[in-house]
Structures are given as C-alpha cells and as structure tokens.
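Worksheet for the structure shown next.
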Amino acid sequence: MFDAYSHYVAYGATDQQTARDLLGSYDGLLVPGTVAAFQREGTGGFVLTLSATAAAPEYVIDSRFPLFQQALLAPKKSHEALALLLDDPSLISGYAPSPAAFTHERTQRIVSAWVDFNRGYRTDVRRKFNKYAERLGEPVEPADIRGPHRILVPYTISTGPADDWWRVSAQMLDQARQLDPSCLRVIATETPTQLNALLEQVDDEHLVIWVSGLEELVLPADQLATYARTVRAAAERGQQTFALYGGFFHVLLGGLGLRGASHGIGYGEYRSWIELPTSGPPPARYYLRRVHRYVSQELAYQLYMRDRTLVECNCDECNGQPPIALDYHELMKHSVRARAEEIEAWSRLDPITAAELLETEHTAWERVVPNLGLPPFLRPQAERSYEHLLRWAHALRLAAS
Ligand SMILES: [Zn+2]
C-alpha cells in the first residue's frame with residue numbers, strides 16, 4: 001500500500017470480471033465495508049481467490065464509518081448489513097447522532113467486531129472458494145489465500161483537532177491498536193486545511209487520507225495547492241500517505257510524496273461522505289488519456305474522426321480502434337490500463353516537470369480543438385475537457401514553491 005506508488009481500484013460488485021481480467025494492472029483492491037458485509041460470501045470468495053493468484057493483489061476493507069455520522073432515512077440493505085457486522089444495529093438511525101453517543105463501551109464493541117471481521121476474513125468464506133477459483137482460469141490453492149493487507153480502523157469525518165468527532169476517531173484507533181498494533185489510521189476531513197491540521201497532530205508513519213468531495217476537475221488551483229502542500233508536508237515529516245479516493249491529480253502528487261491512491265473503475269475522481277439516494281453502475285464514458293479525464297463516448301469519437309492523435313490508445317482493449325468500438329466492459333478496462341500507464345509515466349515526476357508537460361498539452365488542445373469543426377452541441381464539452389490541465393499545473397507550481 002505504501003510502495004513506490006500503489007495503484008488500488010475500488011471494488012464494486014459489478015466489477016468482478018474487470019478486476020479479474022486486469023490482474024497485474026493494479027496493485028490492490030479497496031473493498032467497501034458495505035459491499036463486504038452485504039455480499040459477504042460472494043465478495044469474500046472473489047477477493048480471496050484473487051489474493052491466491054500469482055498476481056496476488058493486496059486488498060483492504062474500508063469501514064465506510066462516516067455513513068453512520070448522518071441520518072439514514074432510507075437505509076440500504078448494505079448499510080444495515082454493515083451495522084450488523086459492526087455489532088451495533090442502532091448505528092442506523094433517522095437522526096444524525098452526536099459524537100457523545102459514541103461512548104468508550106460502544107466504540108469498543110464496534111472496533112472489536114471490525115478487527116474480528118478483518119482477521120477472520122481469510123477463513124470465513126472458504127465455502128465459495130471453489131466457485132470463484134473455477135472462474136479464474138488459473139489454478140489457485142486455498143493455502144495461498146491472504147488476509148487483508150492491513151486493517152483500516154473505523155474513522156469519522158472530522159473538521160479539526162478540537163472536533164468531538166476527532167475524539168471518536170482517536171478513541172477507535174486506540175482501541176483497535178490494543179487489539180492489533182499494525183492497524184492503519186484513516187484521517188477523513190472536509191477540506192485540505194483540516195487534513196493538514198490533523199496530520200500535524202499524529203505521528204503515524206503510514207496513514208490513509210481522504211478529503212471528502214475533493215473534486216480534482218473542478219476545484220480552483222489554490223485549493224488543490226493547499227492539498228498538495230499538505231501531502232508534501234506530511235512526506236517531509238516522514239508520514240507516508242495513501243489516498244482513499246483520487247484520480248489523476250493524485251498521480252501527480254506522487255512527485256510530492258503521496259504513496260498511492262485508489263480510484264473507482266469507470267467513475268469518479270472523488271467521493272463525498274454524504275450519502276446520496278441514487279447510485280448504480282457508472283455511465284459508459286471514455287477515459288481520454290491526453291487530458292486525463294472521462295468524456296462522453298460521442299465526444300471521444302468525434303475527436304477521433306477529426307484528429308486521431310488526440311484520442312488514440314494502444315492498450316489491449318483499444319488496439320487503435322475508435323472509442324465507439326469499445327463495449328461497456330472494455331471502456332472500464334481501458335480506463336484502468338490507462339491509469340496504470342499514467343502512474344508509470346507521471347507518479348515520479350518532479351512537480352515542475354509535470355506542470356510543464358500539462359501546460360504544453362493544454363496549449364496543444366487549445367490550438368487544435370476550436371478548429372476541428374465539431375458539431376455545435378459538442379463544442380462546450382470539448383472546450384471543458386482540457387481546461388483543468390492549467391489549474392493542475394498552477395497548483396503543482398504553487399505547491400512546489
Ligand atoms: Zn485503451
């Protein structure tokens with residue numbers, strides 16, 4: 001998880017085939033606690049058989065605990081399953097709880113259940129092993145099954161050192177470390193400034209970080225720079241950080257000391273802690289490598305028809321075909337393969353070099369795109385597709401200075 005730059009992908013129940021086909025193109029799986037709890041045997045059987053392959057991807061289970069900091073008026077089955085797994089069905093409530101509701105005794109029970117679940121993961125779901133082993137098309141032995149790479153301690157969204165929710169987080173960490181000293185702390189906040197303040201409070205060598213709602217493609221350069229400086233300051237203090245959710249901007253942060261990040265397959269570069277009523281599989285979109293973001297398949301195709309150099313990809317899915325030729329599953333795989341190559345090419349660049357490359361790319365697109373004769377309805381989308389490159393470059397320059 002803290003190797004050169006660890007490439008994790010978030011596991012969703014619909015991603016099994018993708019995760020299997022891409023073995024070797026990523027380093028680890030981030031399994032949401034909700035999915036692990038609700039599809040306990042299916043997820044466990046799948047993740048465990050993968051862990052026994054030659055590629056042996058790591059995995060960790062995210063407690064998704066901030067779910068329970070909010071009112072859950074229409075809880076999903078997976079929310080209920082996770083609360084039950086944590087031995088505390090009252091975590092599901094129509095009211096947002098106060099931090100005071102999380103007494104020592106209560107968090108002790110939650111943390112014990114979580115650590116037990118992680119420790120037992122290897123042996124719990126053996127029954128499904130054969131079914132998933134067959135699908136792999138590669139011989140795997142139950143003896144090679146691995147447990148979670150590290151136990152991620154349940155955490156809360158906290159706004160700073162004086163926030164009572166931070167006290168709850170710290171309490172759960174202490175309790176988990178009593179049971180397993182190697183447990184990893186997760187620090188989750190709503191802004192980069194809050195993250196910085198909390199990182200300064202702790203002396204962990206390895207940390208998992210998350211700024212809720214950090215929209216890489218949208219945030220102004222100064223806010224991205226604050227985040228980048230936070231990562232850099234942590235690295236300079238000797239703290240190795242891994243981001244729970246992040247897109248290409250997080251790959252760039254490798255040059256400032258970030259040790260890895262996890263991303264969803266085919267969707268988002270960020271995640272918010274507030275639960276939204278709708279969710280489902282990600283839309284079919286095309287990951288446009290030269291601008292490091294998803295665009296509609298329609299736009300990708302129109303660009304391809306006019307100037308192939310803007311879109312061309314020679315990954316195993318694309319083989320130079322037009323973006324429109326990829327089916328949903330291939331679009332997803334293309335995006336993960338692209339990220340793996342991006343990590344290879346970008347995660348070790350010093351920030352100034354990376355900024356220069358982004359600026360050069362921005363200039364190229366600015367020159368070419370307005371003159372392509374794109375259909376009018378696609379022009380605004382086309383122009384939006386590269387404007388973030390300058391903001392990212394600016395943020396890197398600010399953070400490096
Ligand atoms: Zn491709």
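Just so you know, all these numbers are worked out from the coordinates, no wet-lab data involved. The model shown is predicted, which means the values in this text are computed figures rather than measured ones. Here the Cβ positions follow ideal geometry from the backbone for every residue, glycine too, while neighbour counts run over all protein chains shown.
Each residue, E312 and S93, gets one label point 7 Å from its Cα in the Cβ direction; the gap between the two is 6.0 nm.
Need the full-extension length gain, L84 to A54, defined as separation in residues times 0.36 nm minus the C-alpha distance. One decimal, nm. Can you show the working numbers first?
On the way: separation 30, 0.36 × 30 = 10.80 nm, distance 3.41 nm.
7.4 nm is the gain from fully extending L84 to A54.
Give me the Å³ per residue figure for the convex hull around the C-alpha atoms of the stretch 1-67.
Numbers: hull volume 5.6 nm³, N = 67.
Value for the stretch 1-67: 83 Å³ per residue.
Each label point was placed 7 Å from the Cα along the Cα-to-Cβ direction; for E383 and I324 their separation is 2.5 nm. Remark: relative contact order (the chain) = 16 percent; criterion is Cα-Cα distance under 8 angstrom and separation of 6 or more residues. When only alpha carbons are used to place a centre, the stretch 298-330 and the stretch 61-101 end up 42 Å from one another. For chymotrypsin sites (Phe, Trp or Tyr not before Pro), the sites in the stretch 1-97 that DSSP calls loop and that have at most 15 other Cβ atoms within 10 Å are Y95. Would you work out if the stretch 279-401 is rounded, prolate or oblate? Take a ≥ b ≥ c from the square roots of the eigenvalues of the alpha-carbon gyration tensor; rounded if a/c is under 1.5, else prolate when a/b is larger than b/c, oblate otherwise. The shape class here is oblate.
What order, most packed first, do the peptides 47-56, 221-230, 324-333, 356-365 have when packing is the mean number of other Cβ atoms within 10 Å of each residue? Don't skip to the answer; put the middle values down first.
Values: 47-56: 20.1, 221-230: 21.6, 324-333: 18.5, 356-365: 16.7.
Sorting 47-56, 221-230, 324-333, 356-365 by mean packing, highest first, produces 221-230, 47-56, 324-333, 356-365.
The antiparallel fraction among DSSP beta bridges confined to the chain stands at about 15%. Charge dipole (Cα centre; +1 on Lys/Arg Cβ, -1 on Asp/Glu Cβ; no other charges) of the stretch 285-400 amounts to roughly 240 debye.
Which FRET efficiency value, to the nearest 0.05, do you get for R348 and E134 by plugging their Cβ-Cβ distance into 1/(1 + (r/R0)^6) with R0 = 30 Å?
Numbers: r = 39 Å, r/R0 = 1.31.
With R0 = 30 Å, the Cβ-Cβ based efficiency is 0.15.
If the cut-off is a Cα-Cα distance under 26 Å, which lysines reach K131, setting aside same-chain residues fewer than 8 apart in sequence? Reachable lysines: K77, K333. Shown here is the pair-distance distribution of the stretch 6-264: with all Cα-Cα distances grouped in 10 Å bins from zero up to the longest one, the shares run 7, 30, 35, 23, 5, 0 percent. Listed as lacking a disulfide-compatible partner in the chain: C183, C315, by the criterion of no other cysteine Cβ under 4.7 Å.
With the helix formula -39500 (n - 2.57) applied to DSSP H stretches of n ≥ 4, the chain reaches a computed 222 nm mean residue ellipticity of -13000 deg cm²/dmol.
Under a plain spin-label model, where a point goes 7 Å from the Cα along Cα-to-Cβ, how far apart in nm are A284 and E298? Each label point is offset 7 Å from its Cα along the Cβ direction, giving 1.3 nm.
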